[in-house]
Each structure stands twice: as C-alpha cells, then as structure tokens.
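To keep things clear, I will list the structure first and then write my remarks on it.
The values are calculated or read from the model by the stated rules, or taken from the named source; none is laboratory data. No experiment lies behind these values; they were computed from the predicted model shown. Glycine also receives a Cβ, built like all others from the backbone with ideal geometry; neighbour counts cover every protein chain displayed.
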C-alpha cells in the first residue's frame, strides 16, 4: 500500500481509498468498492420480495380458473427471489461488489423466466391469458436490477474537534 497526498487538504491517504477520509474528496484510481446506496438496497429488497410474491400469484388465467406460479413450476422464481432478498441484506453490510452482482444476475434470471413463460402461455392456447404474477415478477426483476447498479457516494469523516 502506498500513500498519496489529497489535493484538497494535503493529508496522506492510502492509494486504495475511494475518498479522502478527512475532506471527502473523491480520489482517482481508488480501488475500494463503494457501498450500495440506501435506495439501491431498498430497490433490491423490494425487487426480491416482488419476485417471491409474483411466484405465488396467478400465472395463467382462463376465465374463473387460475394457475399460480407455484403450481406451474414457479418454485424456482420463489427461490431466486429469496436469494435476492438475502443478498440485498448482505449488500447492506459489506463493501464487496459480489452481492450486488449476484442480485443483478438473479434479476435477469427472473425477468427471463417471466418473459419465457409469458410467451409460452400466449402461444399455447388462444383462450388463455397471462396472469398478473408474471408481470409482477418482470417488474420486480427490473426494479432489483436497477437497484443493483446504485452505489453510495463516498462520505467524509467528520473532523475531530
């Protein structure tokens, strides 16, 4: 680890620092990974919960008859949603990029499952209609995917008096 001088306050700072701990100035070439933002964590949590809820909602609707996602192989989406929620909680406590990346991968998987099943249902029978569960999974996956890209701005440490 080498030390560099902050251009604003002149303090010696690690070359791995994202921002100067004294004045908060972002430093070039910092190799640290910024934490997820509060909004990003909330979006990842909401998206994961939405994927779980959508798994239990109707995926196929034919008049008064509905088939929920769990009845039609949607257990996989519920598991993906559970992992997304767990990873969002982990992302709150770590600066590692891994939980955010895995939530993003889970989001893309949920979106692809929703699109593939909606196309399969729409092509299967002319009288069947896609239920709201797939739409909820699709939208929740998008929300979580966007949340996985949001990161917090570096915060300056308060100066000691």
Completion exercise
Flagged in the range 50-91 as assigned to a helix (DSSP H, G or I), touching a residue at least 24 places away in the same chain (Cβ under 8 Å) and more than 11 Å from the chain's Cα centre (by Cα), in numbering order, are 50, 51, 52, 53, 54, 55, 56, 76, 77, 78, 80, 82
Problem - Residue check for residue 96: modelled with pLDDT under 90 and touching a strand residue (DSSP E or B) at 6+ places or on another chain (Cβ under 6 Å) - result: no
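Suppose we filter the range 56-70 for residues that are in contact with a strand residue (DSSP E or B) (Cβ under 8 Å, 6 or more places away or on another chain) and surrounded by fewer than 16 Cβ atoms within 10 Å (Cβ to Cβ); how many remain?
1
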Practice task
Write out, first by first residue and then by second, each pair whose Cβ atoms fall under 7 Å of each other, whose residues are 6+ apart or on separate chains, and whose first residue, in the range 92-112, is outside the structural domain of residue 137 (by TED's automatic domain parsing) while the second is surrounded by 19 or more Cβ atoms within 10 Å (Cβ to Cβ) and assigned to a helix (DSSP H, G or I).
Solution key: none
